[in-house]
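To keep things clear, I will list the structure first and then write my remarks on it.
The values are calculated or read from the model by the stated rules, or taken from the named source; none is laboratory data. Note that this is a predicted model, so its numbers are computed, not measured. So basically every Cβ, Gly included, is an ideal-geometry build from the backbone, and we count neighbours across all protein chains shown.
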């Protein structure tokens, strides 16, 4: 992704998600697919649909911002299905405070 596209994409994601809260999840077609739903409870803007991210690859929940993030999925520990749902449940109702796109994969960083 070139720099101009990255900046534009970050602005769009920030506009949509900052201030929203993790509000639920939906099981995907395959065992590894999860949709995490976000809702803005105190905003009068109607986006004409549910805001969500669709996760189909390994992901990781960090307790604090990192100086260095893993460069690829191979550096992530494997979560069981139960561990994934437990981690999502722990962030339930937490507000999105920032969104960043990294230069390398994993490239979506959501700060709660």
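If we scan the range 94-103, do we find a residue that is modelled with pLDDT under 85 and outside any strand (DSSP E or B)? Yes, the conditions are met somewhere in the range 94-103. Residues of the range 53-63 include at least one that is loosely packed, with under 15 Cβ neighbours inside 10 Å, out of contact with any strand residue (DSSP E or B) (no Cβ under 7 Å at 6 or more places or on another chain), without any contact (Cβ under 8 Å) to a residue 60 or more places away in the chain and more than 19 Å from residue 104 (Cα to Cα).
Restricting 32, 19 to those that are assigned to a loop (DSSP other than H, G, I, E, B), surrounded by 10 or more Cβ atoms within 10 Å (Cβ to Cβ), more than 12 Å from the chain's Cα centre (by Cα) and at pLDDT 90 or above reduces the list to 19. Take residue 88 and decide whether it is surrounded by 11 or more Cβ atoms within 10 Å (Cβ to Cβ), touching a strand residue (DSSP E or B) at 6+ places or on another chain (Cβ under 6 Å), modelled with pLDDT of 85 or more and under 22 Å from residue 101 (Cβ atoms). It is true that residue 88 is surrounded by 11 or more Cβ atoms within 10 Å (Cβ to Cβ), touching a strand residue (DSSP E or B) at 6+ places or on another chain (Cβ under 6 Å), modelled with pLDDT of 85 or more and under 22 Å from residue 101 (Cβ atoms).
Every residue, every condition in (1) within 23 Å of residue 97 (Cβ to Cβ); (2) in contact with a helix residue (DSSP H, G or I) (Cβ under 6 Å, 6 or more places away or on another chain), yes or no:
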site	(1), (2)
2	no, no
6	yes, no
9	yes, no
22	yes, no
25	yes, yes
48	no, no
62	yes, no
78	no, no
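The residue that is nearest to the chain's Cα centre (by Cα), among those in the range 45-75 that are closer than 23 Å to residue 28 by Cα and outside any loop (DSSP other than H, G, I, E, B), is 53. Scanning the range 67-84 turns up no residue that is touching a residue at least 24 places away in the same chain (Cβ under 8 Å), under 16 Å from residue 112 (Cα atoms) and surrounded by 12 or more Cβ atoms within 10 Å (Cβ to Cβ).
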